[in-house]
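Here the structure comes first, spelled out in C-alpha cells, and everything after it is commentary.
The values are calculated or read from the model by the stated rules, or taken from the named source; none is laboratory data. All figures in this text were calculated on a predicted structure; none of them were measured in a lab. For neighbour counting, all protein chains shown are included, and Cβ atoms are generated from backbone atoms with ideal geometry for every residue, glycine included.
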Amino acid sequence: MRILVVEDEPDLRKLLSGILQSGGYHVLAAANADEALRLAQNSPVNLVLTDIIMPGINGVELVARLRAAHSSVTVLYMSGYDRDGLTRRVDADAKFIPKPFTPQALLARVAELLGSTSESSAA
C-alpha cells in the first residue's frame, strides 16, 4: 500500500515516514500541497495522511484537488488543533487523528482505514 504524507514540518514529516515504512507501507512524502499533487499525479496512492493547517494550500483544499483526479483515495487528517476547532474546515465524517499521537496509534488508524494489518501492507 502506498501512503502520501503531507506535512510542512521537516522533522515530523521524516518521523511519520519512518513510522509508516516500519509498518510495511511504501511512503511518498511532501512538504506542501503543490509537491503532494505532483507526487500523486505520478504515483497513485491508497491513503493521504495530511496536516490540515499548512502554509499556502491547506489540507482540506489539497484533498479536494486530489479527489477530483482520484476520487477513491482514503484520507486521514491530522492536526494539533482539536477537532471541534476545525469543524468549519473539515466535514463531519472526515477521518482525523489528533497530534500528538503514538506510532502505534498511527499504524492502527492507518491499518483500520485501509482494511489491513500493517504487517500485510507492504507494497
Residue list for the range 20-70, filter: part of a loop (DSSP other than H, G, I, E, B) and farther than 18 Å from Met1 by Cα: Ala31, Asn32, Ile52, Ile53, Met54, Pro55, Gly56, Ile57, Asn58
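Mind checking which residues of the range 67-94 are of a type in the set (A, V, I, L, M) and modelled with pLDDT of 75 or more?
The initial filter retains those residues of the range 67-94 that are of a type in the set (A, V, I, L, M), namely 68-69, 73, 75-76, 78, 86, 90, 92, 94.
Listed by number, the residues that qualify are Ala68, Ala69, Val73, Val75, Leu76, Met78, Ala94.
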Residue check for Ala122: under 23 Å from Ser22 (Cβ atoms), at pLDDT 95 or above and either surrounded by fewer than 17 Cβ atoms within 10 Å (Cβ to Cβ) or not hydrophobic (A, V, I, L, M, F, W, C) (or both): no
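If you take the residues of the range 51-66 that are small (Gly, Ala, Ser) and in contact (Cβ under 8 Å) with a residue 24 or more places away in the chain, which of them is nearest to Leu12 (Cα to Cα)?
If we filter the range 51-66 for residues that are small (Gly, Ala, Ser), which is where we start, we get 56, 59, 64.
Next, only the ones that are in contact (Cβ under 8 Å) with a residue 24 or more places away in the chain stay: 56, 59.
Numbers: Gly56: 18, Gly59: 16 Å.
Ranking the candidates gives Gly59 first.
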Unique residue being modelled with pLDDT of 90 or more, among the aliphatic types (A, V, I, L, M) and in contact with a Pro (Cβ under 9 Å, 6 or more places away or on another chain) when the list is Ala40, Ala64, Ala31: Ala31
Ile97 being modelled with pLDDT of 85 or more, part of a strand (DSSP E or B), touching a strand residue (DSSP E or B) at 6+ places or on another chain (Cβ under 9 Å) and over 11 Å from Leu4 (Cβ atoms): yes
Members of the range 45-80 that are within 14 Å of Ile97 (Cα to Cα) and of a type in the set (Gly, Ala, Ser): Gly59, Ser79, Gly80
